[in-house]
Amino acid sequence: MIHVDKKFLFIHPQKCAGSSLRSIFRNEYSDGRLSEELEPTGSGHWRSRQWKQYTQQNNIDFDSLFKIGVVRNPWDRAVSYYHHMKTHKGYDKPFWRFVLQGGYLCSTNYSIYSKFTIDNEMIVDCVVRQENFESDVKNLLEKLNITDYNIPHDKHNTGRTEYDYRKYYNDPEWVDYIYNVSQFEINKFGYKF
């Protein structure tokens, strides 16, 4: 999501509570509607390089944009993504197979690293942590001079009934796999299992 006049770019990794933040921006800047100007077709989960390419093609100064991202504990995020895939994509294999053999969690499109960096450099100026969503959003919106807002809790219906992500990890190998593929956010934001 991009707002050229307000000079911000919102980079939205999957399964990090970004839909709620997106709703706030839609309500503020487009009367709650989907707007091609704010959300170019297909841009929902673009990586930072894709956004940079888009800005170059549209004569927008990428470096001058205030870049916003959202992040989530990678073990919890994997569980959320698993349930999303089951409900919305027909994935029918057990959790361990999703983690170890699916390839979903090590894809460039899923990677927080590919969303937040270009050439190994962090480009995001403000990160909203899903675990501190309300307070982080409040601070962010103050910076953007947005004062009249409600924080929606836009959750995708995934059928997830167990919210303690630790209960999904019955084998240390599964914990280690997430640790290995999520080094960027673990190191940058201090996440622990």
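The values are calculated or read from the model by the stated rules, or taken from the named source; none is laboratory data. All values reported here derive from a predicted model rather than from experimental measurement. Here the Cβ is made from the backbone with ideal geometry for all residues, glycine too, and neighbour counts use every protein chain on show.
Here are the numbers for the structure shown:
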read-out	value
Any hit, the range 86-102, residues being out of contact with any His (no Cβ under 6 Å at 6 or more places or on another chain) and under 16 Å from residue 16 (Cα atoms)	no
Flag for residue 150 being more than 24 Å from residue 102 (Cβ to Cβ) and not in a helix (DSSP H, G or I)	yes
Residue that is β-branched (Val, Ile, Thr), without any contact (Cβ under 8 Å) to a residue 40 or more places away in the chain and farther than 24 Å from residue 175 by Cβ, where the choices are 55, 41	41
Any hit, the range 76-97, residues being closer than 18 Å to residue 175 by Cα, under 14 Å from the mean Cα position of the chain (by Cα), of a type in the set (Gly, Ala, Ser) and buried (at least 16 other Cβ atoms within 10 Å of the Cβ)	yes
Only one of 30, 19 that is surrounded by 17 or more Cβ atoms within 10 Å (Cβ to Cβ) and among the small types (Gly, Ala, Ser)	19
Unmet requirement for residue 24, which otherwise passes all of (1) assigned to a helix (DSSP H, G or I); (2) surrounded by 18 or more Cβ atoms within 10 Å (Cβ to Cβ); (3) at pLDDT 95 or above	(3)
